[in-house]
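Only the coordinates and a few stated rules stand behind these numbers; no lab work does. What you are looking at is a predicted structure, and each value in this text was computed from that prediction instead of being measured. All Cβ positions, glycine included, derive from the backbone under ideal geometry; neighbour counts span all protein chains shown.
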Amino acid sequence: MVEAGRSPNIEIITNARLEALEGKPGQFLAKVHQAPRFINEDLCTACGMCTMYCPRPVVDTYNERLDITRAPHIDYAQAIPSSYYIDAKACLRVNYDTCNLCAQTCTAGAIDFSQKPKKLELNVGAVVLAPGFGKVDDEVLEKFGYGKYPDVLTSFEFERLTCASGPTEGHIVRPSDNKPPKKIAFLQCIGSRDETCGNGYCSSVCCMYAIKEASVAKEHEPDLEISIFFMDVRTMGKGFDEARKRAQEKYGINVIRARVPRVDQVDGKLALTWTTPDGEHHSGIFDMVVLSVGLESPEDAEIISKVADIELNHYDFCKTSVDSPLATTRDGVLVAGAFQGPKDIPESVTQASGAAAIASELLSDARNTETITVTFPEENVELEREEPRIGVFVCHCGVNIAGVVDVKAVRDYAGTLPGVVLYEDTLYSCSQDALKSIAEKIKENRLNRVVISACSPRTHEPLFQETLRSIGLNPALVEMANIRDQCAWVHAQEPEAATEKAKDLVRMAVAKARLLEPLDQPTVDVTPSALVLGGGAAGMASALSIADQGFKVVLVEKSKELGGNLKRLTWTLDGQDARKVLKDMVKKIKAHKNIEVLTEAKLESISGYVGNFTSTISRKGKTDMVNHGVMIIATGGREYKPKGYAYGDSPRVLTQLELEEKLSKGKSFLKNARNVVMIQCVGSRGEDMSHCSRLCCTQAVKNALKLKEVKPDLNIFVFYRDMRTYGFYEDLYREARKKGIHFIRYTPEKRPEVIKQARGIKVRAFDPILGDDLEIPASLVVLSTGIAPGENEELSKVVKAPLTSDGFFLEAHAKLRPVEVAVDGVYLCGLAHGPKSLEESIAQAKAAAAKAAIPLAKGKVAVAPIVSRVNQDACIGCGICESLCPFNAIRLEKAGKRKKAQTITASCKGCGICASHCPTLAISMGGFTDEAIMAQIHAFSPEGCKEE
Amino acid sequence: MSKIKGFCCNYTMSVDVDALKEGGLVPEGLEIDRLACTGRLEVPEILDAFTNGADAVFVVGCQMDKCHNLSGSYRASKRVRYAKKILKELDMDPELLEMFFADRGHSEPIVEAARLMASKTQGNSQDRDQ
């Protein structure tokens, strides 16, 4: 979010809504209504004075109405833009023209009541709709005592309670008496999988978030007793099943399979009754009940659909199709996130990148015509080489620092330190005018080192670095002393000691600043082409996207023709002809002038770094070298081949894909069939592979429905563990139940057995509702075999990209970087990343294409200045650093007679692992040299500083 | 520990009495008979409860105008009134038998009834002294 806020090419318009969208792709005119914030974003320093003085309390909606704030406020500390705003409905000045207190207290002069609503007309080429999800109606929640009994909370409210910056500072207390609860019940599927409230779909995320919230609560209060009431445990995301198992074992969370119909309050406690699948009635008394509410379509979905002229589906979410999951029904208008259907963070982030890819395809001709590049003056190298002339700026941060620390004393103390030529205090060093004046003073006094004694470098260092760059100084020459977060805030009760500590911090920062060295900011040219490994749905979709964005693509496929697993699919989950989807894609690929397809080819080795890879590709006995800037791994997965279940012994036992193939050839094989048995989780979820294969439940339901359609008098039995027909696929599941398909749950301890007989086969399994074994003579047994990882191990060694314990490629960050791997310039999509549906694969492929196109479009890769540097004279070539580097960014190379370590600066992330392990201290980190850090440590004692 | 006997209809009582005891919400000596309808309750059954050692007895039916079986709780209340008369004739405190009404599925009135009856058995000796 901070990144979006800082990008010069992203304009953030808050408090705004779309009023009309005219024109066509490439030439849209968006009319936007913007309501006033009444606080000028550029001037506001987020000091909080206005909130403090405002007499008008308002309910804090960000904290789910559990707390109170004032009319001028910021939702949370990290909000972007980092500026307060005034709640126009509550403000006395806005409504009654009285008060005006905040405007008088604002020392930054940011409060501006003259602001009027604005009508903006924006010329844009593409539109991405990402309005998120809406809230389930209170009416639905009332059934469960919400609003009537104070200790019935929604999961969103509970989330705020567990949050350290929430209304209770992370303490879980009952709203009724502020006492910690001992027993908590989570009720799942509130407002989802519930036709009575019109939400027939599954919200996909609640099972996992309930387990997360329960784990967080248990971590905070280990004595809590937590029960979660499920229908099906739908933790089908990557690694989710494992996390759930861990939570159940580690925290002893009680998982009960029952749907609680209502909540009753008895003497301030909450009484629940439920029935378990064995027919037993149970009751329990709880101190708190958390309703795991689902994700609704946004409240203004209909307005959006009218304004943007797009269609909605029958649940008021955005209508999309399997083969283009990010496109709305209007060209050039794209969708991402929960508006497309309920989904979790990794998928939303993936979709967002995917939507960006499509926008980039549309606008590739216009690339770089509207972008802003920030330019900086030449560096004043001579000044940087002079003796350190240090300037110290001590920030008041309003009252944040000055309220505790004696800022003036700290400032004067700084003047006594060696090397300091200028020492000043500023009210808000981060405000626009203060930055300007700091820049002027640096110039005036010919400063070449700057110490900002204020807040955290994590949030503010880039700001001051930019200030230095703007006047021709190297950004590495600024050092920050955090006297706010680490001093004034934590020692608010001891102002004198805090002032002393602030002096210590400033002294240490000055000591380090003296030894700061300018760092190079090298850029590397990028070969403007991509290598895509794998010619399945994901590989083809990403290759097409990159090619449409105007770059060359080499598509490497190991088999004779394109298609991958898609070749074996007969129809998609929404009933489209899968082979037509495939044919269309292959046709586009073959016709595209930017794509070169290499079939029967394999990646042998790869060298280089982001922007400049060289790969060796073997093809029909020959090897070729390919130069490319980025690479996408889309090598796919494979259908798991079952062991047991008489698979291979009897022609009547098939996998789901084999059934589809048969079905596509005609229905004659069903002529004498009476009973069809499907068995879920064959190989998945702990049988042979530990992961959930995510799509087999939906696939089974889809095929069962198809069988029913072909032969309605067929008896179909589906043995399952949890039906994971998430999202809108729940509709298919419900339809299957309505059509009389039998769904019977089994536990891993009692798996169904397939028994071969003299004539035919039968399935023996335990039916938990009858409480007895069933024997079904089966005309056909269909195994839902799930997805096994492809030959990832070998590739993982070649690319140096790590795998998960399940054998799929590991992404760099599950939520923030879901399509990137740890190695820079290498991206990931499709089944190589983990089991997923065709729709999800395509969205992810687009996302990988978007990410891969970033270095290609920029043409240059900037290298982070904080990289490791090897002193080759001191290096003994032991190779410890090479073996430890997680980014493949340091390696031994021949230098003269011996091998010496060398950093590949373009790949280095500056983590410092190599430097900390080097036995001869030959490696140092830019900006954090051993000398500078030692000087900083020595300066902790005032004497140590003088000795220097 | 005094023994309390309660007769509840199927629609008023939803929470298991053991769960209520576990939560410490009702007296330990409480025993509840869940009937299909309190209208089914006969006077001898009420008196039998006393014979079998109950210190106090209560009946909980639906709200009079919302009875699932239309007049079930009305019948029950009539019989409770009659049983009270008999208790008086037997020289027992008629206050030890009460009729209560509860909304469907609400357990709170039942818990309150049980507590009230328990306090009556404990307070009885004191009341007489005063």
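Please compute, for peptide A:541-550, the average count of beta-carbon atoms on other protein chains lying within 10 Å of each residue's beta-carbon. List each step's numbers first, then the result.
Working: counts 0, 0, 0, 0, 0, 0, 0, 0, 0, 0.
For this peptide, the per-residue mean of nearby foreign Cβ atoms is 0.
Of the listed peptides A:924-933, A:549-558, what is their order by residue-averaged count of other C-beta atoms within 10 Å, with the highest listed first? Can you show the working numbers first?
Details: A:924-933: 17.0, A:549-558: 22.9.
In descending order of packing, they fall as A:549-558, A:924-933.
Label-point separation (nm) for B:Leu90 and A:Arg674, each offset 7 Å from Cα along Cα-to-Cβ?
It is 6.3 nm.
Which ordering of A:Cys918, A:Cys99, A:Cys50 is given by a fewest-first count of other beta-carbon atoms within 10 Å? Working shown, then result.
Values: A:Cys918 22, A:Cys99 18, A:Cys50 27.
In order of increasing Cβ crowding within 10 Å: A:Cys99, A:Cys918, A:Cys50.
Test of understanding: what is the full-extension gain from A:Asn368 to A:Ala814, defined as 0.36 nm times their sequence separation minus their Cα-Cα distance? Walk me through the intermediate numbers first.
Details: separation 446, 0.36 × 446 = 160.56 nm, distance 3.06 nm.
So the chain would gain 157.5 nm between A:Asn368 and A:Ala814.
What is segment A:349-479's relative contact order, in percent, from Cα pairs under 8 angstrom and six or more apart in sequence? Before the final figure, lay out each step's value.
Numbers: 161 pairs, mean separation 38.9, N = 131.
Answer for segment A:349-479 is 30 percent.
Based on the Cβ-Cβ distance of A:Lys560 and B:Leu70, what FRET efficiency does E = 1/(1 + (r/R0)^6) give at R0 = 56 Å, to the nearest 0.05? Working shown, then result.
Numbers: r = 78 Å, r/R0 = 1.39.
With a Förster radius of 56 Å, E is 0.10.
Fully extended, how many nm does the chain gain between A:Glu382 and A:Ala243 (0.36 nm per residue separation, minus their Cα-Cα distance)?
That pair, A:Glu382 and A:Ala243, stretches by 44.4 nm at full extension.
Dividing the alpha-carbon Rg of the protein assembly as shown by 2.2 N^0.38 Å yields what?
Details: Rg = 35.1 Å, N = 1078, 2.2 N^0.38 = 31.2 Å.
Against the empirical 2.2 N^0.38 Å value, I get 1.12 for the protein assembly as shown.
Fewest first, what order do A:Cys54, A:Cys395 take by the number of other Cβ atoms within 10 Å? Numbers along the way, then the final one.
Numbers: A:Cys54 24, A:Cys395 27.
Ranking A:Cys54, A:Cys395 by Cβ neighbours within 10 Å, fewest first, gives A:Cys54, A:Cys395.
I'd like the mean, over residues of B:16-24, of how many other protein chain beta carbons sit within 10 Å of each residue's own Cβ. List each step's numbers first, then the result.
On the way: counts 7, 1, 3, 9, 7, 1, 3, 11, 3.
Mean partner shielding for this stretch: 5.
Kindly flag which residue pairs out of A:Lys711/A:Lys762; A:Lys269/B:Lys3; A:Lys306/A:Lys702; A:Lys343/A:Lys702; A:Lys238/A:Lys590 have an alpha-carbon separation exceeding 26 Å in this structure. List each step's numbers first, then the result.
Numbers: A:Lys711/A:Lys762 21 Å; A:Lys269/B:Lys3 24 Å; A:Lys306/A:Lys702 33 Å; A:Lys343/A:Lys702 21 Å; A:Lys238/A:Lys590 33 Å.
In this structure, A:Lys306/A:Lys702; A:Lys238/A:Lys590 exceed 26 Å between Cα atoms.
Can you sort A:His592, A:His691, A:His73 from fewest to most other Cβ atoms within 10 Å of each residue's own Cβ?
Details: A:His592 16, A:His691 27, A:His73 20.
With the sparsest Cβ surroundings first, the list reads A:His592, A:His73, A:His691.
I need the P(r) histogram for segment A:617-732: all alpha carbon pairs, bin width 5 Å from 0 out to the longest distance, whole percents.
Pairs per bin, as whole percents: 2, 8, 16, 19, 16, 11, 7, 7, 6, 5, 2, 1.
Mind jotting down the distance between the C-alpha centroids of segment A:269-286 and segment A:395-430, whole Å?
63
From the helices alone, meaning DSSP H stretches of at least four residues, give me the mean residue ellipticity at 222 nm for the protein assembly as shown, per-run term -39500 (n - 2.57), in deg cm²/dmol to the nearest 500. Don't skip to the end; give the middle numbers.
On the way: 30 runs with 315 residues, N = 1078.
Computed mean residue ellipticity for the protein assembly as shown: -8500 deg cm²/dmol.
Label A:Glu791 and A:Ser324 with points 7 Å out from Cα along Cα→Cβ: what is the distance between them in nm?
3.6
From the phi of every residue in segment A:279-292, what ³J(HN,Hα) in whole Hz does the Karplus formula 6.51 cos²θ - 1.76 cosθ + 1.60 yield, where θ is phi - 60° and glycine or proline is x?
Computed from phi, the couplings for segment A:279-292 are x, 7, 8, 9, 9, x, 10, 10, 8, 8, 10, 10, 8, 7 Hz.
Points 7 angstrom from Cα along the Cβ direction at A:Asp75 and A:Glu749: gap in nanometres?
4.7
Taking Rh as the Kirkwood radius, which is the inverse of the mean 1/r over Cα pairs, what is the Rg/Rh value for segment A:2-127? Display every interim value, and only then the final one.
Working: Rg = 16.4 Å, Rh = 16.0 Å.
That ratio is 1.02, to two decimals.
So which cysteines in chain B don't have a second cysteine's C-beta under 4.7 Å from them?
Those would be B:Cys8, B:Cys9, B:Cys37, since no other cysteine Cβ in chain B comes under 4.7 Å of theirs.
I'd like the per residue volume of the convex hull spanned by the Cα atoms of segment A:381-514, given in cubic angstrom. Could you put the intermediate results ahead of the total?
Values: hull volume 11.3 nm³, N = 134.
For segment A:381-514, the hull spanned by Cα atoms encloses 84 Å³ per residue.
For segment A:227-306, what class follows from the C-alpha gyration tensor (a ≥ b ≥ c being the square roots of its eigenvalues): rounded when a/c is under 1.5, otherwise prolate if a/b is larger than b/c, else oblate? Write down the numbers at each step before the final one.
Working: a/c = 2.14, a/b = 1.28, b/c = 1.68.
Judged from the Cα gyration tensor, segment A:227-306 comes out oblate (a/c at least 1.5, b/c at or above a/b).
Give the shape of chain B as rounded, prolate or oblate, defined through the alpha-carbon gyration tensor: a ≥ b ≥ c are the square roots of its eigenvalues, a/c under 1.5 means rounded, and otherwise the shape is prolate if a/b is larger than b/c and oblate if not. Walk me through the intermediate numbers first.
Values: a/c = 1.87, a/b = 1.17, b/c = 1.60.
Oblate, since a/c reaches 1.5 and b/c is not below a/b.
What does the structure give for A:254-267 when I average, per residue, the other chain Cβ atoms found within 10 Å of the residue Cβ?
Values: counts 0, 0, 0, 0, 0, 0, 0, 2, 3, 0, 6, 3, 13, 10.
So the per-residue partner count for this stretch is 3.
Estimate the FRET efficiency between A:Ala130 and A:Asp873 by the formula 1/(1 + (r/R0)^6), using the beta-carbon distance for r and 60 Å for R0, to the nearest 0.05. If you can, show how the numbers build up before the last one.
Numbers: r = 54 Å, r/R0 = 0.90.
Once rounded, the FRET efficiency stands at 0.65.
Give the Rg (one decimal place) followed by the Dmax (whole number) of segment A:138-293, computed from C-alpha coordinates and expressed in Å.
Using the Cα atoms of segment A:138-293, the pair Rg, Dmax is 14.7, 44 Å.
Calculate, in nm to one decimal, what B:Lys21 and B:Val43 gain on full extension: separation in residues at 0.36 nm each, minus their alpha carbon distance. All intermediate terms of the calculation are to be shown ahead of the outcome.
Details: separation 22, 0.36 × 22 = 7.92 nm, distance 2.77 nm.
Separation in residues times 0.36 nm, less the Cα-Cα distance, equals 5.1 nm.
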